[in-house]
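Note sheet for the following structure.
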Amino acid sequence: GNALILPSRARQQAVVSDFCHGLLIEQRRPMAPVDMARIREVAMGDEEFLRELITLFLGDAPGQIQALCRAVEDRDTTAVYKKAHRLKGASSNIGARPLSDLCRKLEQLGKGSDLEPAPALLRDIQEEYGRLQEFLSQLPV
């Protein structure tokens, strides 16, 4: 069949290190910004589709993050839940697990009434998005 041929784990780690050198991810965070196996699975081996997915995500995510910031500022738990859920899904679709996990935490806050931890989570989301953007911009696709 059309099995995907993925690089070895050692090669994947070397590639991640190459892309992200200087960010010291290994020391700060154990997980790479993108699970390459996941993103290739979603793209079904189609490099053009993969490029399109990344372009769409990078074009849409900043507006989603801005909308999340507004929802937190307005203390609108329903909007926080919806916006965080949307960004969580978009992040998951491109294999951006760390960003998706942060969005899931914010989504959980939106289900409750206490948004006290939300600003710190938003900062983490913005920082992780920056790391993700840097990583994606250097992918050889």
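A few notes on this one:
- Annotation note: of Gly89, Gly110, the sole residue that is without any contact (Cβ under 8 Å) to a residue 60 or more places away in the chain, among the small types (Gly, Ala, Ser) and touching a Lys or Arg at 6+ places or on another chain (Cβ under 8 Å) is Gly110.
- One residue from Arg86, Arg123, Arg75, Arg97 being on the phi > 0 side of the Ramachandran plot, open to solvent by 60 Å² or more (accessible area, probe 1.4 Å) and basic (Lys, Arg): Arg75
- Counted residues, segment 100-120 - those being in a helix (DSSP H, G or I) and open to solvent by 80 Å² or more (accessible area, probe 1.4 Å): 4
- Checking each residue in segment 45-58 for being open to solvent by 60 Å² or more (accessible area, probe 1.4 Å) and either under 30 Å from Gly112 (Cα atoms) or touching a residue at least 24 places away in the same chain (Cβ under 8 Å) (or both) picks out Glu47, Arg51.
- Taking segment 52-66 as the range and being touching a helix residue (DSSP H, G or I) at 6+ places or on another chain (Cβ under 7 Å) and under 12 Å from Ile125 (Cβ atoms) as the test, the residues that pass are Ala61, Gln64, Ile65.
- Any chance Leu121 is of a type in the set (A, V, I, L, M, F, W, C) and in contact (Cβ under 8 Å) with a residue 24 or more places away in the chain: no
The values are calculated or read from the model by the stated rules, or taken from the named source; none is laboratory data. Because the structure is a prediction, the values reported are computed rather than measured. Please note: Cβ atoms are built from the backbone with ideal geometry, for glycine as well, and neighbour counts cover all protein chains shown. Accessible surface is based on the protein model in full, side chains and every heavy atom, while ligands, DNA and RNA are left aside. Shrake-Rupley method; radii C 1.70, N 1.55, O 1.52, S 1.80 Å.
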